[in-house]
Amino acid sequence: EPGKYEDLSLTACRAAGAMVARSRFAGLLAPSVTGQGSILVVFPENFGDEDGLELEGMEEADWA
């Protein structure tokens with residue numbers, strides 16, 4: 001449905017993401033706003049050698 005999620009506030013999502021990034025976690029797995037599945041947000045700047053992850057590509061989202 002077009003516009004189904006337009007009225008959702010991103011404030012709580014942004015605050016949670018900022019908290020996770022500041023906490024130096026490498027990522028966040030959260031339920032999708034659609035109610036189907038999950039989303040994975042990664043913070044490459046927080047990756048460490050012990051994480052065993054290799055970033056092959058990156059796309060930044062425009063949250064404005």
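Being free of Cβ contacts under 8 Å to residues at least 24 places away in the same chain and out of contact with any strand residue (DSSP E or B) (no Cβ under 7 Å at 6 or more places or on another chain) is a property that holds for Ala18.
Of everything in the stretch 36-51, what is open to solvent by 70 Å² or more (accessible area, probe 1.4 Å) and more than 11 Å from the chain's Cα centre (by Cα)? Give them in sequence order. Correct list: Gln36, Glu45, Asp49, Glu50.
Against the test of being within 12 Å of the chain's Cα centre (by Cα) and either open to solvent by 90 Å² or more (accessible area, probe 1.4 Å) or acidic (Asp, Glu) (or both), the options Glu54, Glu59 yield a single qualifying residue, Glu59. Selection of the stretch 11-26 for residues being surrounded by 11 or more Cβ atoms within 10 Å (Cβ to Cβ) and assigned to a loop (DSSP other than H, G, I, E, B) yields Phe25, Ala26. Return yes or no: is Leu29 part of a loop (DSSP other than H, G, I, E, B), of a type in the set (A, V, I, L, M), free of Cβ contacts under 8 Å to residues at least 60 places away in the same chain and loosely packed, with under 10 Cβ neighbours inside 10 Å? Against the criterion (part of a loop (DSSP other than H, G, I, E, B), of a type in the set (A, V, I, L, M), free of Cβ contacts under 8 Å to residues at least 60 places away in the same chain and loosely packed, with under 10 Cβ neighbours inside 10 Å), Leu29 does not qualify.
The values are calculated or read from the model by the stated rules, or taken from the named source; none is laboratory data. Quick caveat: nothing in here was measured; it's all calculated off a predicted structure. All Cβ positions, even for glycine, are placed from backbone atoms using ideal geometry, and neighbour counts span all protein chains on display. Just so you know, the surface numbers come from the protein's heavy atoms only, side chains and all, with ligands and any DNA or RNA stripped out. Shrake-Rupley method; radii C 1.70, N 1.55, O 1.52, S 1.80 Å.
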